[in-house]
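A quick write-up on the structure given underneath.
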Amino acid sequence: MNNSNLFNHELAAKAEELGYLPDKWLTEIYAEKWFKLFVPTDLGGLGCTLPEALKIEEKLAKFDGSLGWTVTLCAGAAWFVGFMDESVRKDIFPDEHLCLAGSGFVGGKADKIGEKYQISGSWTYASGALHATHLTANCEIYENGKALLDKKGKPVVKAFLLDRKDVEILDGWNYMGMIATGSHAFRCENLSVPVNRCFEILPNKAQLKAPVYQYPFLQLAEATLAANILGISKHLKELIEQSFYKRHEYRKYDKKHLSYFQDLLIKQDKKLHKLRDEFYGQVNSSWEELEEKGKISDSRLKKVSKISRKLTQQCREINGKLYPFSGLEAAKTHTELNRVWRDFNTVGQHALLIFPF
């Protein structure tokens, strides 16, 4: 991951222009098995623990926001392998070019008729959709046209694995940042899907025994998104510092102004490092608890959620305080600094991390 010839501003700019990850990056992703962070090694994956995966995701996000985010979301969709039928796992996951994209949106209806489901719907924000071999989609469940309800009277929702060839990708990612994630929508109509393509993302529904599939999905999602926020913020801080000193070369700030920025930078840098330590501390504690006891306490899960949100909130504050010192360079749309700023202010809008609690 330290290959400067591979992860550089020029390729990141090209990725943004393309609207998806370039082939050089994809080749490396497949070689390193990053789309399969949580897939067992016997299915061609890395079999990572959550703490291991977060470190990889943070580093990739620091190189480029779209790169880190696409890997994170596609690896997150492939985490569902732990909940899928054995026949599906063995048939699909050994493919070295496997890439799952998905949407958390409940955008479809699946009507069980005999041994098939008839699925129709549309789903938003499927990051990596343009690279996907398969897509995951959440649907309300019906049986022979009648809606199934749970004990509380709410619609039963299950997830499905769909082949890329069976869905239509809709050009719907028209946002200022994270452009190369290609987080488009997709849809299908009256698609017949075998029952073994249906799965539920609950710890008690896990088909594989590795601890990672017992980690609650909400906190796993929050932590992986926060790792990306952290990586992008580190990148942005470095670029702001570089821009300030580049401006200093021809503006020649006086000692008072230089000292102010330097003190501010040191303070924000310490804050970011402290946040990072707190974040990984809580995640590592939750992982240790899971391995030792087979379950994570509610109090620990709340701490993981809280630190993920706190990290995001304080990264916003840190970036906001430092951003003005980058000057107009940050407002030039073609610069690396501007792209990273746009990426941060796009990914920071994710619904899971907006509130500080």
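The values are calculated or read from the model by the stated rules, or taken from the named source; none is laboratory data. All of these numbers come straight from a predicted model, not from anything done at the bench. Counting neighbours? That spans all protein chains shown, and the Cβs are built from the backbone with ideal geometry, glycine included. The accessibility values were calculated without ligands, DNA or RNA, using every heavy atom of the protein model including side chains. Shrake-Rupley method; radii C 1.70, N 1.55, O 1.52, S 1.80 Å.
If we scan segment 169-190, do we find a residue that is within 30 Å of F279 (Cα to Cα), among the aliphatic types (A, V, I, L, M) and open to solvent by 60 Å² or more (accessible area, probe 1.4 Å)? Within segment 169-190, one or more residues are within 30 Å of F279 (Cα to Cα), among the aliphatic types (A, V, I, L, M) and open to solvent by 60 Å² or more (accessible area, probe 1.4 Å).
State whether the residues of segment 53-64 include one that is closer than 24 Å to I179 by Cβ, in contact (Cβ under 8 Å) with a residue 40 or more places away in the chain and among the basic types (K, R). Scanning segment 53-64 turns up at least one residue that is closer than 24 Å to I179 by Cβ, in contact (Cβ under 8 Å) with a residue 40 or more places away in the chain and among the basic types (K, R). Within segment 191-225, being among the basic types (K, R) and open to solvent by less than 50 Å² (accessible area, probe 1.4 Å) holds for one residue alone: R197. Exactly one residue out of L73, L54 is under 17 Å from W173 (Cβ atoms) and either surrounded by 23 or more Cβ atoms within 10 Å (Cβ to Cβ) or basic (K, R) (or both), and it is L73.
Take the conditions (1) without any contact (Cβ under 8 Å) to a residue 60 or more places away in the chain; (2) closer than 27 Å to W173 by Cβ; (3) buried (at least 18 other Cβ atoms within 10 Å of the Cβ); L67 misses just one of them, which is (1).
Could you please find all residues in segment 27-56 being assigned to a helix (DSSP H, G or I) and closer than 18 Å to W69 by Cβ? Within segment 27-56, E28, I29, Y30, E32, W34, F35, K36, L50, A53, L54, K55, I56 meet the criteria. Looking across segment 198-215, just one residue is among the basic types (K, R) and either closer than 17 Å to Y117 by Cβ or in a helix (DSSP H, G or I) (or both), and that is K205.
Check K152, K109 and return the single one that is open to solvent by 50 Å² or more (accessible area, probe 1.4 Å), not aliphatic (A, V, I, L, M) and not in a strand (DSSP E or B). K152 is the lone residue from the list that is open to solvent by 50 Å² or more (accessible area, probe 1.4 Å), not aliphatic (A, V, I, L, M) and not in a strand (DSSP E or B).
Pairs meeting the criteria (first residue in segment 107-119 and over 10 Å from V195 (Cβ atoms), second residue surrounded by fewer than 16 Cβ atoms within 10 Å (Cβ to Cβ) and among the aliphatic types (A, V, I, L, M), beta carbons under 9 Å, at least 6 apart or on different chains) are K109/A147. Against the list (1) over 21 Å from A180 (Cβ atoms); (2) over 15 Å from the mean Cα position of the chain (by Cα); (3) not aromatic (F, W, Y), the condition E16 fails is (1).
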